[in-house]
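Here is the structure we will look at, set down as structure tokens.
The values are calculated or read from the model by the stated rules, or taken from the named source; none is laboratory data. Just so it is clear, the structure is predicted and the values come from calculations on it, not from any experiment. Here the Cβ is made from the backbone with ideal geometry for all residues, glycine too, and neighbour counts use every protein chain on show. For the accessible areas, the whole protein counts, side chains as well, though only heavy atoms, and no ligand, DNA or RNA atoms are used. Shrake-Rupley method; radii C 1.70, N 1.55, O 1.52, S 1.80 Å.
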Amino acid sequence: MSAYDLIIRNGQIVTAESTFQGDIAIKSGKIAEVSVGKSIEAAAQKEIDANGLHVFPGLIDTHVHFNEPGRSEWEGLETGSKSLAAGGVTSFVDMPLNSAPPVINKENLQLKKDLAEQKAIVNPYYWGGLVPENIANLKELHENGVLGFKAFVSPSGIEDFNSADDETIYKGMTEIASFGSILGVHAESTVICDQLAKKKQSEGKTSARDFVESRPIISEIEAVRRLISYAELTGCKLHIVHASSRKVVQEIEAAKKRGVDVTVETCAHYLSLTVKDMEEKGGLAKCCPPLRDQEEVDDLWVAVANGEVDVVSSDHSPAPAELKQIPNGNFFKGWGGISGCQSTINVMLTEGYQKRNIPLEKIVALTATNPAKLFGLYPNKGTIAEGSDADIAIVNLDESFVLKNEDLFYRHQHSPYVGKTFTGKVTTTIVNGEVVFENGKVTAKTELIQA
Ligand SMILES: [Zn+2]
């Protein structure tokens, strides 16, 4: 009988603290042994030779919209989680909206949990929603396992998920603080975006650039400042999602320095795509907050390098191709949302590690360790250490490839990243000790139910 289920040999193991050569032994879904600089003597049922490869903790994508139940024709827990596996992601936190019914009470949460347990091939976790109607349901959602709450201070774009007015934010934060959870907020100013959109459209200005100018960085800053005030008032942990600019990040950095419990996420697309991509790719590159210009992308990388950003996620928000059409070139029409959750690690390795010398340890911190710490999953998840869950991504840092539509595991095989050349490719993804993706193929043994 083999001592271990699986041994990964001779890889360069990367954690948020350091990179070292070693072996990893896995038993019963856990990391049983990590050897530094010498090989593990025992045998295993399966061995992976990681010589020349890097071994990362599996990524944790804290921001995806898999749309199931209710809008699974847009994506789904099976296709979405297969895409994550192909991108080295071993856990996700699904947003409460775009699925229907939205996760605003425990019954709706249970509907999603039941489906995820059947269909997801990586570890599923959940956000609950904060909307004006559900303050009384927040505690039950927390008790039933949501890792945090999500609110919008501008329209969500989805009819059954109302945006939170200031009173809802205040009452919601007071309640969420009472049981020590966290509020994640989509921070754009409704007033600023509405007024500018009306002005642009009344003047017949509807290009990609016009759309971007109608949702300026100052609109994010206005909302962030207001939310920080409520966080200071209520003592609630605040997490600003998808900051599109370092100027937004710096507002949060200043608040952190005076002791406010606030963190910030940005997304792979704000670190790699620009308004030019919107002009070239149309609706595929439309999202809110919108993409910015190259100087903003470069500046956001400075924030990453300086440790001002806490989390990098995908905000994977897919839709069928017909919804991504921009009718008559009018960017105020057409669904906003980037399909990207398979490519986060490729963006980080290509744009960060290769082009800007961002250390691998920092990439691990932003995509695995910090998310695990922020949402209470550490040290079971987010690191490679004895006793942790065996969630691992093995990566060939030297392999380059051009992303093609047919490489994508999404329900709809499109993405603004298609056609990009990436350096650094996931070769193997392991979830709870099980190889779920290897050499371009999903290998999860999980019996998947067809949607
Ligand atoms: Zn989102």
Spot the failing condition for Ala164; the list is (1) buried (at least 22 other Cβ atoms within 10 Å of the Cβ); (2) at pLDDT below 95; (3) among the small types (Gly, Ala, Ser), and only one is missed.
-> (2)
So how many residues does the stretch 379-410 have that are more than 21 Å from Gln21 (Cα to Cα), within 21 Å of the chain's Cα centre (by Cα) and either among the β-branched types (Val, Ile, Thr) or crowded, with 19+ Cβ neighbours inside 10 Å (or both)?
-> 3
Residue in the stretch 136-154 that is surrounded by fewer than 24 Cβ atoms within 10 Å (Cβ to Cβ), outside any helix (DSSP H, G or I), within 16 Å of the ligand (Cβ to nearest atom) and modelled with pLDDT under 95 present = yes
Failed condition for Gly157, given (1) of a type outside the set (S, T, N, Q); (2) in contact with a Gly (Cβ under 8 Å, 6 or more places away or on another chain); (3) outside any loop (DSSP other than H, G, I, E, B) = (3)
Report yes if Val122 is within 16 Å of the ligand (Cβ to nearest atom) and open to solvent by less than 10 Å² (accessible area, probe 1.4 Å), otherwise no.
-> no
Among the residues of the stretch 122-137, is there at least one that is aliphatic (A, V, I, L, M), in contact (Cβ under 8 Å) with a residue 60 or more places away in the chain, under 20 Å from Ser99 (Cα atoms) and out of contact with any helix residue (DSSP H, G or I) (no Cβ under 9 Å at 6 or more places or on another chain)?
-> no
Kindly list the number of the only condition in (1) in contact with a strand residue (DSSP E or B) (Cβ under 9 Å, 6 or more places away or on another chain); (2) surrounded by 17 or more Cβ atoms within 10 Å (Cβ to Cβ) that fails for Asn439.
-> (2)
With respect to the numbered conditions (1) at pLDDT 95 or above; (2) more than 16 Å from the ligand (Cβ to nearest atom); (3) touching a helix residue (DSSP H, G or I) at 6+ places or on another chain (Cβ under 9 Å), which one is the sole condition not fulfilled by Val55?
-> (3)
Hey, any hits in the stretch 175-195 for a residue that's away from the ligand (no atom under 13 Å from the Cβ), touching a residue at least 24 places away in the same chain (Cβ under 8 Å) and of a type in the set (Asp, Glu)?
-> yes
In the stretch 340-359, what count of residues is obtained for those that are assigned to a helix (DSSP H, G or I), more than 16 Å from Phe401 (Cα to Cα) and open to solvent by less than 10 Å² (accessible area, probe 1.4 Å)?
-> 1
Taking into account only those residues within the stretch 2-31 that are modelled with pLDDT of 95 or more and small (Gly, Ala, Ser), which is farthest from Ile394 (Cα to Cα)?
-> Ser28
Condition test on Leu233, is it open to solvent by less than 50 Å² (accessible area, probe 1.4 Å) and either among the hydroxyl-bearing types (Ser, Thr, Tyr) or in contact (Cβ under 8 Å) with a residue 12 or more places away in the chain (or both)?
-> no
Listing of strands (runs of 3 or more DSSP E) fully contained in the stretch 19-108 that carry 3 or more residues being over 19 Å from Ala444 (Cα atoms), open to solvent by less than 10 Å² (accessible area, probe 1.4 Å) and of a type outside the set (D, E, K, R) | 19-27, 59-64
Within the group Leu377, Leu323, Leu397, which residue is within 16 Å of the ligand (Cβ to nearest atom) and not hydroxyl-bearing (Ser, Thr, Tyr)?
-> Leu323
